[in-house]
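The values are calculated or read from the model by the stated rules, or taken from the named source; none is laboratory data. Everything numeric here is computed off the predicted structure, so don't read it as measured data. Quick reminder, even Gly has a Cβ in these numbers, built from the backbone with ideal geometry, and neighbours come from all protein chains shown.
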Amino acid sequence: MNPTSPAMVPPRPGNAARSPRNSATVATGFVSGMLSGMLRHGRDPTPLLAAAGIELADSATRVPVDRYARLYNLVIDALADEGFGLFSLPMRPGAFEFLCRSMLGASDLREALWRAQRFLALVLPDLSIAVRSSVRHAELEISENRPLGLAYADPVRVFAFEWLLRLLHGLACWFAGRGLALDAVRFPYPRPAHAADYALVYTEHSSFDGEVLRAQFRANLLDLPLRRDEAALNAFLESGPGKISMLYRRDREAVFRVRDLLRDALPDNLSLEDVAHRLHMSPRTLHRRLEEEGSGFRAIKDAIRRDIALSRLTKTGQPIATLASDLGYADASAFYRACVGWTGLSPERFRRRLQQGNGGDEGSPVRARPPSG
């Protein structure tokens with residue numbers, strides 16, 4: 001973990017409220033929750049807030065998510081506890097890394113979550129985690145083995161549930177390489193003042209005053225393969241555990257919705273106008289939303305085609321003409337040009353290279369360019 005040094009000069013107070021329009025922010029309620037365990041242990045968080053460039057004088061101030069992530073790393077370093085001082089036993093430094101490594105290599109998301117469940121049972125005995133599924137629906141349940149706070153609405157207790165759901169959901173999204181929609185979540189505490197942010201962090205279908213935390217999602221998401229390898233994980237871990245707070249927020253909801261529509265419509269080749277109509281917005285509005293989320297319609301479409309094409313070229317013997325048609329290309333020659341742009345090789349040569357184990361006389365190994373969007 002390599003958090004930025006606290007010795008850096010923090011931004012001027014008040015800058016957090018004037019972050020750019022397309023910069024993700026969080027409510028100060030999440031910051032207060034993160035500090036609640038520290039306060040319970042009699043520690044002063046003021047120096048850490050200053051080092052992260054966060055001013056809490058006004059509860060209405062929004063905090064840029066990168067500063068929130070920095071505070072995340074500073075707090076766990078100061079406490080030597082990756083659980084923020086929320087639990088009866090500290091989560092020693094390195095627990096987050098070993099959680100991630102326990103999930104790495106799982107055959108699908110179901111197995112990855114099962115591995116996470118077993119690991120967290122060792123380092124977080126205060127809580128129980130269970131994943132259940134039926135034919136169409138799945139549920140992640142988090143419950144207490146011992147009371148986490150002095151009261152039902154204790155900030156320590158509230159943030160413990162907020163954090164652990166964010167951790168598990170964020171890691172599931174990261175390993176799957178895409179956003180995973182939560183259909184509904186019931187939280188086991190009263191509605192907090194910052195509940196409006198739950199629509200961005202979790203789902204707009206959030207409710208409160210439950211007995212345990214229950215997060216519902218589509219069961220078929222559990223069958224998704226993991227798309228991260230050890231090199232990707234090592235790069236991810238360089239930013240420290242706070243990185244998880246910056247990933248797969250629903251600020252990028254338009255990107256995910258466009259991606260799903262385009263993928264489900266194949267082999268039909270939807271235009272920007274077609275997708276905008278289905279999302280009940282104008283093409284101009286959709287273009288602006290995607291731009292604000294750091295993507296674009298063409299980039300999303302190209303990334304979908306690339307991922308499907310390279311997967312089938314790698315794993316199947318599907319004829320090239322059929323694959324081109326399935327992906328909505330007007331003809332095979334257009335698909336050939338796209339494949340050369342992705343890999344530097346024609347589809348046949350790309351497939352042959354893989355069959356030869358990147359050896360033979362075909363030249364250097366295939367290095368597909370990463371998808372954008």
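Annotation note: of Arg12, Arg43, the sole residue that is charged (D, E, K, R) and at pLDDT 95 or above is Arg43.
Looking only at region 64-92, residues that are under 19 Å from the mean Cα position of the chain (by Cα) and of a type in the set (A, V, I, L, M) come to 3 in all.
Candidates Val65, Val26: the one that is modelled with pLDDT under 90, within 18 Å of Tyr198 (Cβ to Cβ), buried (at least 18 other Cβ atoms within 10 Å of the Cβ) and in contact with a Phe, Trp or Tyr (Cβ under 6 Å, 6 or more places away or on another chain) is Val26. Listed by position, the helices (runs of 4 or more DSSP H) enclosed by region 146-255 that each have at least 2 residues that are buried (at least 19 other Cβ atoms within 10 Å of the Cβ), within 12 Å of the chain's Cα centre (by Cα) and at pLDDT 90 or above are 155-176. Looking across region 115-132, just one residue is surrounded by 14 or more Cβ atoms within 10 Å (Cβ to Cβ) and basic (Lys, Arg), and that is Arg115.
Scan region 75-84 for residues that are surrounded by fewer than 22 Cβ atoms within 10 Å (Cβ to Cβ), within 16 Å of Phe159 (Cβ to Cβ) and not charged (D, E, K, R) and the total you get is 1. Annotation note: of Ala112, Ala95, the sole residue that is surrounded by 21 or more Cβ atoms within 10 Å (Cβ to Cβ), closer than 30 Å to Pro225 by Cβ, under 22 Å from the mean Cα position of the chain (by Cα) and small (Gly, Ala, Ser) is Ala112.
Filter region 126-142 for residues that are outside any strand (DSSP E or B) and either within 13 Å of Pro188 (Cβ to Cβ) or among the aliphatic types (A, V, I, L, M) (or both) and give the result. Reasoning before the result, please.
First, the residues of region 126-142 that are outside any strand (DSSP E or B): 126, 134-136.
Matches in region 126-142: Val135 only.
Hey, does region 42-64 have a residue that's assigned to a helix (DSSP H, G or I), within 15 Å of Val156 (Cα to Cα) and either aliphatic (A, V, I, L, M) or not assigned by TED's automatic domain parsing to the domain that holds Ala172 (or both)? Scanning region 42-64, I find no residue that is assigned to a helix (DSSP H, G or I), within 15 Å of Val156 (Cα to Cα) and either aliphatic (A, V, I, L, M) or not assigned by TED's automatic domain parsing to the domain that holds Ala172 (or both), so the answer is no. Count of region 145-185 residues, restricted to those that are over 23 Å from Glu111 (Cα atoms) and in contact with a strand residue (DSSP E or B) (Cβ under 6 Å, 6 or more places away or on another chain), is 1. A Cβ distance below 7 Å, combined with a sequence gap of six or more or placement on separate chains, defines the contacts here; from region 130-153, residues that are under 20 Å from Phe119 (Cα atoms) and in contact (Cβ under 8 Å) with a residue 12 or more places away in the chain reach residues that are part of a loop (DSSP other than H, G, I, E, B) and among the small types (Gly, Ala, Ser) in the pairs Arg146/Ser88.
When restricted to residues that are touching a residue at least 40 places away in the same chain (Cβ under 8 Å) and in contact with a Lys or Arg (Cβ under 7 Å, 6 or more places away or on another chain), region 293-338 contains 5.
Working only within region 180-203, note down all residues that are of a type outside the set (Gly, Ala, Ser) and touching a Gly at 6+ places or on another chain (Cβ under 7 Å).
Pass one, region 180-203, residues of a type outside the set (Gly, Ala, Ser): 180, 182-183, 185-192, 194, 197-198, 200-203.
Matches in region 180-203: Arg186, Phe187, Pro188, Pro192, His194.
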